[in-house]
2 protein chains.
Amino acid sequence: MSLRHAVLGLLARRPSTGYELTQTFDRSLRASWHASHSQIYPELAKLAEADLVEVIGHGARRSKTYGITQAGRDELRRWLVEGRPDRSKRDESGLRLFLTPLLDPADRRAIFERDLADVDHELDTLKDLRTELQDTGSPQAFASQVELGIRISDVLGDWLREQIAATTETHDPERQSQIHTPDAGHRSRSPARKRADHKDEQ
Amino acid sequence: MSLRHAVLGLLARRPSTGYELTQTFDRSLRASWHASHSQIYPELAKLAEADLVEVIGHGARRSKTYGITQAGRDELRRWLVEGRPDRSKRDESGLRLFLTPLLDPADRRAIFERDLADVDHELDTLKDLRTELQDTGSPQAFASQVELGIRISDVLGDWLREQIAATTETHDPERQSQIHTPDAGHRSRSPARKRADHKDEQ
DNA sequence: ACCTTACCTGTCGAGTTCGACATGTCAAAG
DNA sequence: CTTTGACATGTCGAACTCGACAGGTAAGGT
């Protein structure tokens, strides 16, 4: 139940409408938690019901601005401080990257290049955000978080560039790809190896 | 629908039982995708139903070893290559880290230290894995992925150490925490600021 | 005046996830 | 011989997620 705490956290930063929260999830929180508006609006209603947030104003176009209550702040702190490790992530791009060694070089390269474009774009966004935070003498508190995002994007970008370089170089004959592009033809090895018993490795 | 492809991917690396897959999800895939056995077993059944995997052997304790079929390989490749960006992640620890600026220094520090211990532990695991891969002259293909994991853990660890150092140093009087520890007392500001209209920042 | 483009809030159903429950096997230690 | 602990597979219900559907509002351009 983290969506609840993500919303509380954003409202602790500043009061917002559901629409603004949706945008913040897509911008600042994109790298650690995703939620669509169809989750956010019902969640706000539930939170208001539980008195963890409250409507503190009405704006144009029927919009409601929510603010966190003291009970909400207490609950948020409790969650932040008492949290167990729970290091389980969900990251489709990461999964894809993990599986690339199964592909032959051309396919692999295509994936790396697509991801690199993506990472570079994200890096631009983050650097803009950093500049923006510096210029407006605003609260600053979240500057370190942006910095972390930039550093991680940097290492990911470097890694991707290395991998791309590696596909152009050596055609390692040892390393046989498991999944061939449909046309590649030679489908020779026995299709189903027997394996009655099995011991662990890794 | 990524669980399906995560399972296919692992079976493309080597045939495994459901139990082994569960362990691999917890070990190697922990950083990019999590799944529990209560998802994995039903998913294997569905995949077998669709002829994307097949039972290729029976082991001790009623265990079934699954292998990927050619249709499974084709489907896996299709997914890997045709994937859209989809950079939406889900990472509870990341979310927590993102929200730490809301806390006062003592709480913040506690979170950083807990996370640092966690990251250091993960780093050890990854370094062991790297050594293991080098020693056993095994397929090697996944060495780069391990390397990436190590690099990211490194920057995260460095960042956390910096943040911890920062909490001991300057007690910045500008930066007022939003969420105080229950005892801290001084709860003075007006509880609900009015906010009828609202313009965007960020 | 009309149109387009954000802005803004909501619901619904199908599919996904996860903790808890349930069951049984085998090896080694005591 | 009995107990402990790892091995191994499965189901179920409650909660969560997400794309699609739906509808209303205000500003700016032509």
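Structure summary
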quantity	calculated
Cβ neighbours within 10 Å from other chains - mean over B:44-51	0
C-alpha center-to-center spacing [segment A:54-100, segment B:80-154] in angstrom	21
³J(HN,Hα) computed for each position of segment B:20-26 - Karplus, 6.51 cos²θ - 1.76 cosθ + 1.60, integer Hz, glycine/proline x	5, 4, 4, 5, 5, 4, 6
Residues with amide H under 5 Å from that of A:Gly57, placed H, sequence gap 5 or more	A:Thr65
Given charges at beta-carbon only (K, R positive; D, E negative), |dipole| of segment A:69-121 in Debye	280
Exercise: per-residue mean of other protein chain Cβ atoms within 10 Å, B:97-110	5
Compactness of segment A:1-94 as Cα Rg over 2.2 N^0.38 Å, two decimals	1.10
Whichever aspartates and glutamates have a C-alpha closer than 12 Å to that of A:Lys46, once near sequence neighbours (fewer than 8 apart) are set aside	A:Glu54
Charge dipole (segment A:15-165, unit charges on Cβ, about Cα centre) - positive-most of A:Ser93, A:Thr17, A:Gly157	A:Thr17
Cut-off under 5 Å, modelled amide H: who pairs with B:Ser16 long-range	B:Tyr66
Per-residue ³J(HN,Hα) for segment A:72-79, Karplus 6.51 cos²θ - 1.76 cosθ + 1.60, θ = phi - 60°, Hz, x for Gly and Pro	x, 4, 4, 4, 4, 4, 3, 5
Taking segment A:1-84 and dividing mean pair separation by its residue count, relative contact order in percent (alpha carbons under 8 Å, at least six apart)	34
Residue mean of other protein chain beta carbons inside 10 Å, A:12-18	4
Loop-located trypsin sites (Lys or Arg not before Pro) in segment B:39-101 whose Cβ has at most 14 other Cβ within 10 Å (DSSP)	B:Arg61, B:Arg62
Interchain or long-range residues, amide H under 5 Å from B:Thr69's placed H	B:Val53, B:Glu54
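Read-outs throughout are calculated quantities, based only on the coordinates presented, and are distinct from any laboratory measurement. Since we're looking at a predicted model, the values are computed, not measured. Cβ: placed from backbone, ideal geometry, glycine included. Neighbour counts: every protein chain shown.
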